[in-house]
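Reading through the C-alpha cells given below for one structure.
The values are calculated or read from the model by the stated rules, or taken from the named source; none is laboratory data. Worth saying up front: this structure is predicted, and the values here are computed from it rather than measured. A quick note on method: Cβ atoms are made from the backbone with ideal geometry, for glycine too, and the neighbour counts reach across all protein chains shown. Surface accessibility is based on the protein's heavy atoms, side chains included, excluding ligands, DNA and RNA. Shrake-Rupley method; radii C 1.70, N 1.55, O 1.52, S 1.80 Å.
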Amino acid sequence: MGNLDPMTLFLNIIAPIITLLCGYIFSGIPYALIIGKIFYKQDIRELGSKNPGGTNAIRVWGWKTGVCVIALDMIKAIAPFWITFAIINFTPVKEILIDDVRFLSIWITALGCVLGHCYSVFLKFKGGKGVATYMATLGPSCWLQFVINFVVFVSTISIKKIVSIGSILVCICATVIAWILFGCYEGYPPSREIIDIFFLGNSDLLQMTWAYPIIVTIMSGIVIFRHKQNIINLKNKTEKATY
C-alpha cells in the first residue's frame, strides 16, 4: 500500500471496516425474537434454553417455525455477503481497492455476520449461537466447505440427535479445511486452478488469500465459544437431545 495516494490508502483501510459493520448490523436482526413476538406473543429469551436461535425455536414452537427462523438466520448472512461481493467487484470500487483488501473486505463481511448474530446490537450485545449464520457464510465463500460441512452436520445430528455436537464438529472441520486449502494454494501452485473452482471459479472475483483461513478460524472460535455451556454439559453427560 506504500505507493497509494492518501485518499486511496484511506479507502483501502476503511473498506474492510465498513463491510464488517454492514455484515454485523444486517445479521444482528433477531428473527427468532421478532417471529415470537408477532405470531406467539412470547419472548424466546424467556423460553426453553433462552437462546434466540433456530434450535431453541424448534424446541419451543416446533419444526415449522424453527426451520423458518433458521432460514432467515441464513439469509441474513448470505444477503450481505453477496451484496458486498457485487459492490466490490462490479462497481468502480474494484479499481480503488488492491486485491488483498478486496478479498479481505468480502470475507470479513462473513465475520461481521457471525458477530452480529451472536452479539446483536439490537439485543444489548447478546444473541444466538451463530450456527445457521456460520453455515450460511461458508456457502458463498467456498462451496466445497458448505457441501462437506453440511454432510458432517446432518450426519452428526442424525446419529447423536444433539445439534451442539454437530455445530462444534462443523467448526473444527471448516477450520481444518480452510488451512488445508490455503496450504495447498500457497505451497503447491499447480493446485491453484482446482482450488479457484471452489471459490466461484474466478480468481479475479474471489481468490484464496491469507485472509480466508484466518477469518474462518475466528468465526469458528466464536461459535465454539458460544457453545461453552454445551461443551460443559457434554463433558458431564447432561446435554439433552435436541429432538
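Applying a threshold of 9 Å to beta carbon distances and a minimum spacing of six or more residues, or different chains, the list of pairs starting in the stretch 223-242 at a residue that is over 16 Å from Ser49 (Cβ atoms) and ending at one that is of a type in the set (Val, Ile, Thr) and open to solvent by 60 Å² or more (accessible area, probe 1.4 Å) reads Ile224/Ile172; Ile224/Ile231.
Within the stretch 154-173, can one find any residue that is crowded, with 21+ Cβ neighbours inside 10 Å and touching a Cys at 6+ places or on another chain (Cβ under 9 Å)? There is no residue in the stretch 154-173 that is crowded, with 21+ Cβ neighbours inside 10 Å and touching a Cys at 6+ places or on another chain (Cβ under 9 Å). Taking the criterion of being touching a residue at least 40 places away in the same chain (Cβ under 8 Å) and over 16 Å from Ile14 (Cβ atoms), the residues of the stretch 84-102 that qualify are Phe85, Asn89, Asp99. Within the stretch 142-156, the set of residues being closer than 23 Å to Asp196 by Cβ and either of a type in the set (Phe, Trp, Tyr) or touching a helix residue (DSSP H, G or I) at 6+ places or on another chain (Cβ under 6 Å) (or both) comprises Cys142, Trp143, Leu144, Gln145, Phe146, Asn149, Phe150. Selection over the stretch 206-220 of residues that are open to solvent by less than 40 Å² (accessible area, probe 1.4 Å) and either in a helix (DSSP H, G or I) or free of Cβ contacts under 8 Å to residues at least 24 places away in the same chain (or both) gives a count of 7.
Between Lys37, Lys76, Lys126, the distinction of being over 19 Å from the mean Cα position of the chain (by Cα) and among the charged types (D, E, K, R) belongs to Lys37 only. Report, by residue number, each residue of the stretch 49-92 that is loosely packed, with under 15 Cβ neighbours inside 10 Å, farther than 22 Å from Tyr134 by Cβ and either of a type outside the set (A, V, I, L, M, F, W, C) or touching a Lys or Arg at 6+ places or on another chain (Cβ under 9 Å) (or both). Hits for the stretch 49-92 are Gly62, Lys64, Thr91, Pro92.
Taking the stretch 188-201 as the range and being of a type outside the set (Val, Ile, Thr) and open to solvent by 60 Å² or more (accessible area, probe 1.4 Å) as the test, the residues that pass are Tyr188, Pro189, Pro190, Arg192, Glu193, Leu200.
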